[in-house]
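Below: the structure, in structure tokens.
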Ligand code: DQA
């Protein structure tokens, strides 16, 4: 059976390429998603990507994935630091979850040091820029295959 990996991007990540490029780089979200899908295909994994600027839409997307997806990569963006709702939704999943950040959140303002997701995620990648997404995919695909 083909495995399904869900990738969720939180608020303002649709602006990658234009948004604070000195922090987040010049790659667009479209380019990241296209590469993730191509890398997934090479491992026989169907990669579905989703971006929203709305907390409730992200919660609903995670709820819909319960029992359907085999892994989740999520950059909750600003909701990382605030969202009990996204944390609670992630707790519904019984699959590997990678939390990813383009920037190193621990080198930035103190309010970014707290993650509502870190202690319930399988792993966290923070500070590798776009390469972090590709590392996350490699790591989670290994986990998803171990668990099959
Ligand atoms: C981010 C870090 C967050 O603090 C910030 O609000 C973002 C992006 C990152 O990828 O580095 O929007 O998650």
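Here are the numbers for this structure:
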{"item": "Whichever residue in the stretch 105-124 is within 10 Å of the ligand (Cβ to nearest atom) and buried (at least 19 other Cβ atoms within 10 Å of the Cβ) and, among such residues, is farthest from residue 58 (Cα to Cα)", "result": "105"}
{"item": "Per-region count, the stretch 136-148, residues within 14 Å of the chain's Cα centre (by Cα) and surrounded by 15 or more Cβ atoms within 10 Å (Cβ to Cβ)", "result": "5"}
{"item": "Residues (modelled with pLDDT of 95 or more and within 13 Å of the ligand (Cβ to nearest atom)) located in the stretch 25-54", "result": "27, 29, 32, 51, 52, 53"}
{"item": "So residue 136, is it at positive phi, within 13 Å of the ligand (Cβ to nearest atom), touching a residue at least 40 places away in the same chain (Cβ under 8 Å) and touching a strand residue (DSSP E or B) at 6+ places or on another chain (Cβ under 9 Å)", "result": "no"}
{"item": "Residue count for the stretch 55-84, restricted to those that are in contact with a helix residue (DSSP H, G or I) (Cβ under 8 Å, 6 or more places away or on another chain), under 15 Å from residue 120 (Cβ atoms) and more than 16 Å from the ligand (Cβ to nearest atom)", "result": "3"}
{"item": "Residue within the stretch 45-54 that is in a helix (DSSP H, G or I) and surrounded by 15 or more Cβ atoms within 10 Å (Cβ to Cβ) present", "result": "no"}
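The values are calculated or read from the model by the stated rules, or taken from the named source; none is laboratory data. For clarity, every value in this text was computed on a predicted model and none was experimentally measured. So basically every Cβ, Gly included, is an ideal-geometry build from the backbone, and we count neighbours across all protein chains shown.
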